[in-house]
Amino acid sequence: MKTDRNGIIPVCIFLIAMLLMSACGRGTSGSAGGGAKDSTLVIAMLGDADYLNPVIGSSVTSSNISGLIYPGLLQSEFDTTSGLLNFMSLEKKFRPSTGGRKPEAALAKTWKMAADHKSITYILRSDAFWDDGKPVVSGDFKFTYRLYGNPLIASPRQQYLAELVGADKHSVDFDRAIETPDDTTLVFRFYKPVPEHLALFHTSLTPLPAHLWKNVKPEDFRSSPLNQKPVGAGPYRLHEWTQQQSLVLASNRKSNLPKPGNIAFINWRIVPDYTVRLAQLQTNAVDIVENIKPEDFSSLQKANPGIEIKSVGLRVYDYVGWSNIDQAAYHKSGKILPHPLFGSAGVRRALTMAIDREAIIDGYLKQYGTICNTDISPSLKWAYNRSIVPHAFDQAAAAAILRKEGWLPGPDGILQKEGRKFSFVLYTNAGNARRNYASVIIQQNLKAIGIDCRLDVQESNVFFENLQNRRLDAWMAGWSIGLEIDPLDVWGSDLKKSTFNFTGYRNPRIDELCELAKEQLVQTDAKPYWLEYQEIIHRDQPVTFLYWIRETQGFSGRIEGEEINISGTFYNIDDWTLRPSSTIAP
Amino acid sequence: MLIYILKRLLLSVPLIFGVLTLTFFIIRLAPGDPAAFFIQPGISPNVAEQIREQYGLNDPLPVQYVKWLGNVLQGDFGRSFSRAQQPVFEVIAAALPITVTIAALTLAANFTFGIIIGIISAVRQNTFTDRFLTVTALFFYSMPEFWFALMMIIVFALKLQWFPASGLNEIGAESFGLPGFFIDRVWHLVLPVTVLSINGAAGIARYVRGSMLEVVRQDYIRTARAKGLPEKVVIFRHALRNALLPVITLMGSSLPFIFSGALFIEVIFAFPGMGRVTVEAIFARDYPLIIANTFISGTLIVLGNLVADVLYAVADPRIRL
């Protein structure tokens, strides 16, 4: 027994010594063995990529990574001066380029839109090759478009095929819709005239190498091992993928689309916990962390002055949704009646005026937030209505409107109308610090004018299901907008078709304006319609638009040449370089 | 004893099966939709419907259950919804060894430290050492693990930078060679195992102390002392053996706690283990993966309890199974 007890102590000492030694050892090798680190960029991400396959990949991470592995028919860039999307082939540009993207990455040499806008013909380059040496041909596109359109594969991008011949009759007629007279000619045919920018956008889906995928049955498509070994032609290729841990891309030395990536390796490391991602950025264990919360900026930069916070936007906004219609009556009989509390545009305007949106921005987002008037982003400059003056924070005016609408203070101080109290529950989803912060301010603001607003936080899945089924009267959520304006899903009057019209807002003029804007064959001709659209939405306040958010990303100081853009943080990642570690202060 | 073990094993089959059936219905009745991700503007509404069709979620619930039952009886738990259609057992095969490593290390650390602290407390009852150990143990015992983990990361990974904050290995650890790789792995495991075991060890220490104090008052201990045996022999040979009996049952019942503790730890430290798989599967409403995880953890817990009962009989000859 004696030896037993005394044996434990030396063992413990030995273990501790070994661990300390290993810790010290790692410390030195970390700085001396800078070689590997100097050639690897490490990006921390919340979750793993799902499929490295452009047909079925659905997460943002997957698209970011697929975009580096697979070649694109065209290169697209976001013109920050106008807010319009530009498309480029090797020899032709849709609009004058504002720099950033390189046309050398495009597979198309040039294109021609037919005079009747019912077909577009691409001429492909003949010097593009898949990594296995086979040329990229027009047949690859036709083959892949069939996959995009196959219901068994359920591609999240199938709406890109919505204008192709046959799509109006529920199934695309691929033999007529896509023609490949030879290996370098690719023709898309539409059932109706399509504006050129939309044709370019919708026909430039990423191809797969047909020779590798042609024997995979559609029902086996998602489980095919080829998804784990993508063969592309872009600046990077997959080097190693340890699922749920890390995904390493290596510069593709053979690539001419546009060229091999500058940084030898890019490691996308999965770190699910936010605090840990921050800690890793602070200790230089990772180089990029996306979506850093504004409250963490100062401590982050104090602890590691090398870190740069970059922001992009504006694509994301938060809003308070008010059910415009009486949901209970709608579910029961399909009848559309105004909501007893929020049915009137006047009341909704008063609610917006009663909420101190500036206070939420100053308290949480600071310079990374801007007041939001409607769902057309100020970044889409060509369509944004600058003449709209935001509803100012004015509780006296809000109270006056409510009085005019018949809402008078009851004995307990809470507003009442026809025996009904102005009292409701504001729902939001769990785990969003920004919305929690905002909801408390909103509650206080509304209390000040005699409205009883209780807060309830729901698990995200539950919250979104309730929202989709139009079961909530008031809620706080957010939208991330696309770079093409298409708001009909969110405001369309046909509530069965417009599945994202959670508020039940209906205004025939909005439907009309959206249709008119879509019909314009020149995108900028739609401007007057969008200006009017914003005036109406601002007047009707179907929801209280709170603020636009600039997304904030933390970058290690050793990254050079990065240009982040509204279309993505990793917009020109193949051009980035890493400064050797010896030149960075620890 | 063999017959007893066999009987218990046979009984556990319907038990686990019942658990799986319950899980099958509960997760389907819970709000949320595995195809919810595909319901967003810009994605055709057909996609969610096609995805549901692929997953077989459009069938009536009893039909889904019969189909599922048929597959499970053939040993097929299906493919994961959220992890690129990987067979669920492949997902688990990758995750289980990590969790088992953490659990085994934690269990060992739990009992080693718990027993040592418990004995010291009991032997030095009512001294400063005892009170100090008791207060410290209670302090750690009442601390939520996830918060403790974050504090450890802030102190040891962020401020002192002694240990890494996440992952199983350093980037490029493959090039360190086998001993280097191993040391790197151990170095990454220090913080999570410490967090998980401190809490458990504190609890076990309380048990050991209590049970030691009870045993020390027994007549046979007085007899042993009266015989003139050295104190060490009295404590370790006569008292400890008897005092450890209730602790052995703890071993079986602490398995579920270690597994549930691993849920937080794996998410916080970014270990791709069972805990993280389970948490992510639940949030994604990945039905096949949730059920397979329940199957694995349920089986381990039932086995853990069985082992505890058997150990009990091994340690105490008075107990006959």
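Figures for the structure shown
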quantity: Filter result (crowded, with 17+ Cβ neighbours inside 10 Å and more than 7 Å from every other protein chain (Cβ to nearest Cβ)) within region B:171-183; calculated: B:ALA173, B:PHE176, B:GLY180
quantity: Cβ pairs under 8 Å, 6+ apart, first in region A:427-448 and within 12 Å of A:LEU351 (Cα to Cα), second modelled with pLDDT of 95 or more and basic (Lys, Arg); calculated: A:GLN443/A:ARG454
quantity: Residue among A:VAL248, A:VAL289, A:VAL276 that is aliphatic (A, V, I, L, M) and touching a Ser or Thr at 6+ places or on another chain (Cβ under 6 Å); calculated: A:VAL276
quantity: Verdict on B:PRO41 being touching a strand residue (DSSP E or B) at 6+ places or on another chain (Cβ under 7 Å) and surrounded by 16 or more Cβ atoms within 10 Å (Cβ to Cβ); calculated: no
quantity: Failed item, numbered, when A:GLU163 is tested on (1) at pLDDT 90 or above; (2) away from chain B (no Cβ under 14 Å); calculated: (2)
quantity: Only listed residue being of a type in the set (Val, Ile, Thr) and within 14 Å of another protein chain (Cβ to nearest Cβ), chosen from B:ILE282, B:ILE291, B:ILE296, B:ILE258; calculated: B:ILE282
quantity: Criterion: surrounded by fewer than 16 Cβ atoms within 10 Å (Cβ to Cβ) and touching a Gly at 6+ places or on another chain (Cβ under 9 Å) - qualifying residue of A:GLU515, A:GLU418; calculated: A:GLU418
quantity: Enumeration of residues in region A:400-428 that are of a type in the set (A, V, I, L, M, F, W, C) and under 30 Å from A:PHE463 (Cα atoms); calculated: A:LEU402, A:TRP407, A:ILE414, A:LEU415, A:PHE422, A:PHE424, A:VAL425, A:LEU426
quantity: Test: residue in region B:273-295 that is of a type in the set (Asp, Glu) and in contact with a Gly (Cβ under 7 Å, 6 or more places away or on another chain); calculated: no
quantity: Any chance B:THR21 is part of a helix (DSSP H, G or I), away from chain A (no Cβ under 12 Å) and within 25 Å of A:GLU459 (Cα to Cα); calculated: yes
quantity: Residues that are of a type outside the set (Phe, Trp, Tyr) and either more than 7 Å from every other protein chain (Cβ to nearest Cβ) or assigned to a helix (DSSP H, G or I) (or both), drawn from region B:153-163; calculated: B:ILE153, B:ILE154, B:VAL155, B:ALA157, B:LEU158, B:LYS159, B:LEU160
quantity: Count of residues meeting criterion [in contact (Cβ under 8 Å) with a residue 24 or more places away in the chain and more than 9 Å from chain B (Cβ to nearest Cβ)] in region A:489-505; calculated: 6
quantity: Spans of helices (runs of 4 or more DSSP H) in region A:445-558 with at least 3 residues acidic (Asp, Glu); calculated: A:508-519, A:527-540
quantity: Of all residues making up region B:60-99, the number that are more than 14 Å from chain A (Cβ to nearest Cβ), free of Cβ contacts under 8 Å to residues at least 12 places away in the same chain and within 26 Å of A:ASP50 (Cα to Cα); calculated: 2
quantity: Residue match in region B:213-234 (condition: modelled with pLDDT under 85 and at positive phi); calculated: no
quantity: Members of region A:248-281 that are farther than 17 Å from A:LEU41 by Cβ and within 11 Å of chain B (Cβ to nearest Cβ); calculated: A:PRO272, A:ASP273, A:TYR274, A:THR275, A:VAL276, A:LEU278, A:ALA279
quantity: Residues of region A:222-236 classified as part of a helix (DSSP H, G or I) and exposed (fewer than 13 other Cβ atoms within 10 Å of the Cβ), total; calculated: 1
quantity: Failed condition for A:TRP475, given (1) closer than 29 Å to A:GLY568 by Cα; (2) within 14 Å of chain B (Cβ to nearest Cβ); (3) of a type in the set (A, V, I, L, M, F, W, C); calculated: (2)
quantity: So A:LYS302, is it surrounded by fewer than 23 Cβ atoms within 10 Å (Cβ to Cβ), within 14 Å of chain B (Cβ to nearest Cβ) and of a type in the set (Lys, Arg); calculated: yes
quantity: Residue in region A:238-247 that is under 24 Å from the mean Cα position of the chain (by Cα), of a type in the set (Val, Ile, Thr) and within 12 Å of chain B (Cβ to nearest Cβ) present; calculated: no
quantity: Qualifying position, being part of a helix (DSSP H, G or I) and away from chain B (no Cβ under 12 Å), among A:GLU295, A:GLU219; calculated: A:GLU295
quantity: Qualifying residue in region B:30-49 (condition: more than 8 Å from chain A (Cβ to nearest Cβ), charged (D, E, K, R) and in contact with an Asp or Glu (Cβ under 9 Å, 6 or more places away or on another chain)); calculated: no
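The values are calculated or read from the model by the stated rules, or taken from the named source; none is laboratory data. These numbers were taken from a predicted model, which means no experiment stands behind them. When we count neighbours, we look across all protein chains shown, and the Cβ atoms used for this are built from the backbone with ideal geometry, even at glycine.
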